[in-house]
1. Exactly one condition in (1) β-branched (Val, Ile, Thr); (2) crowded, with 20+ Cβ neighbours inside 10 Å; (3) more than 13 Å from the chain's Cα centre (by Cα) is false for residue 192; which is it?
2. I need the full set of residues from segment 131-159 which are of a type outside the set (A, V, I, L, M, F, W, C), more than 17 Å from residue 77 (Cα to Cα) and in a loop (DSSP other than H, G, I, E, B), in order please.
3. Just give me the residues in segment 174-215 being in contact with a strand residue (DSSP E or B) (Cβ under 6 Å, 6 or more places away or on another chain) and either of a type in the set (A, V, I, L, M) or assigned to a loop (DSSP other than H, G, I, E, B) (or both), in sequence order.
4. Could you check segment 56-89 and list, in sequence order, the residues that are free of Cβ contacts under 8 Å to residues at least 40 places away in the same chain and among the basic types (Lys, Arg)?
5. Looking at (1) touching a residue at least 40 places away in the same chain (Cβ under 8 Å); (2) assigned to a helix (DSSP H, G or I), which is the only condition residue 40 fails?
6. Can we say residue 127 is assigned to a helix (DSSP H, G or I) and either without any contact (Cβ under 8 Å) to a residue 12 or more places away in the chain or over 17 Å from the mean Cα position of the chain (by Cα) (or both)?
7. Is it the case that segment 99-119 has a residue that's in a loop (DSSP other than H, G, I, E, B), among the hydrophobic types (A, V, I, L, M, F, W, C) and modelled with pLDDT under 95?
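The values are calculated or read from the model by the stated rules, or taken from the named source; none is laboratory data. From a predicted model like this one, the values you see are computed outputs, not experimental measurements. When we count neighbours, we look across all protein chains shown, and the Cβ atoms used for this are built from the backbone with ideal geometry, even at glycine.
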Amino acid sequence: MDSLFDAADEGEGREKRLEDLARQVSVCTKCDLAMTRTNTVFASGDPYSPLMLVGEGPGENEDATGLPFVGRAGKLLDDILRAVDLTRDNVYLTNTVKCRAAVEEGGRMKNRQPKTTEIRACNPYLQGQMEAVKPEIILCLGGPAAKTLIDKDFKITKDRGKWYDLANGAKAMATFHPAYVLRQRGDDLDNTKRLVWKDIQNVHAEYQKAMEARG
């Protein structure tokens with residue numbers, strides 16, 4: 001597919017580009033998730049940040065509010081960022097898919113992983129965000145985001161914490177999704193938190209380098 005911004009004037013600001021893209025997302029019917037969503041969830045944060053965080057997709061709370069990472073996983077993400085003196089206002093935060101993927105179980109809707117076809121349908125929007133924001137560093141939150149952006153055969157338990165060079169010039173790393181961290185118990189929780197802490201420290205070091213280079 002051609003770039004969503006091929007027809008855009010070179011001098012057009014990135015906010016306008018992202019607004020146009022968000023408008024396209026809000027009326028998108030490229031997959032069946034459009035039939036069950038309450039809101040599309042486009043992004044939040046600073047479109048001029050050198051750091052982009054990419055998660056899997058909206059959950060129930062995100063679907064209700066139209067904002068990414070607002071539930072328990074979002075609170076944990078805030079805590080993780082705060083530990084390295086960042087907030088979500090310092091980063092650009094989005095997901096691989098912009099609508100909640102859910103399945104009905106026992107009379108209520110429960111989150112599920114997005115299907116490959118759903119991720120593929122939404123990928124031009126993610127690529128458009130990356131083209132507009134031009135992040136220097138991308139942190140993939142969880143395996144699905146890493147499979148989309150880094151490598152389709154990415155294994156989160158084996159490959160997290162490593163740097164990868166993307167075709168757009170950005171450096172990418174993956175760490176565990178906050179929702180995964182919340183599901184751990186005992187020693188597994190301690191080990192997972194330790195690894196996430198190591199990863200976010202490495203990402204923050206690159207963020208600091210990028211900010212210093214900008215002057």
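1. So the condition that residue 192 fails would be (2).
2. 134, 135, 136, 151, 152, 153, 155
3. First, pick out the residues of segment 174-215 that are in contact with a strand residue (DSSP E or B) (Cβ under 6 Å, 6 or more places away or on another chain): 174, 177, 196, 199, 203, 206-207.
Scanning segment 174-215 gives 174, 177, 196, 203.
4. 75, 82
5. Answer for residue 40: the failing condition is (2).
6. no
7. Taking segment 99-119 and keeping what is in a loop (DSSP other than H, G, I, E, B), we get 99-101, 106-107, 112-115.
Next, only the ones that are among the hydrophobic types (A, V, I, L, M, F, W, C) stay: 99, 101.
Remaining after also requiring modelled with pLDDT under 95: none.
No, every residue in segment 99-119 fails to be in a loop (DSSP other than H, G, I, E, B), among the hydrophobic types (A, V, I, L, M, F, W, C) and modelled with pLDDT under 95.
Quick grid of which residues meet (1) among the polar types (S, T, N, Q); (2) under 15 Å from residue 91 (Cβ atoms); (3) modelled with pLDDT under 95; (4) touching a Leu at 6+ places or on another chain (Cβ under 8 Å):
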site: 123; (1), (2), (3), (4): yes, no, no, no
site: 129; (1), (2), (3), (4): yes, yes, no, yes
site: 142; (1), (2), (3), (4): no, no, no, no
site: 149; (1), (2), (3), (4): no, no, no, yes
site: 161; (1), (2), (3), (4): no, no, no, yes
site: 175; (1), (2), (3), (4): yes, yes, no, yes
site: 180; (1), (2), (3), (4): no, no, no, no
site: 184; (1), (2), (3), (4): yes, no, no, no
site: 192; (1), (2), (3), (4): yes, no, no, no
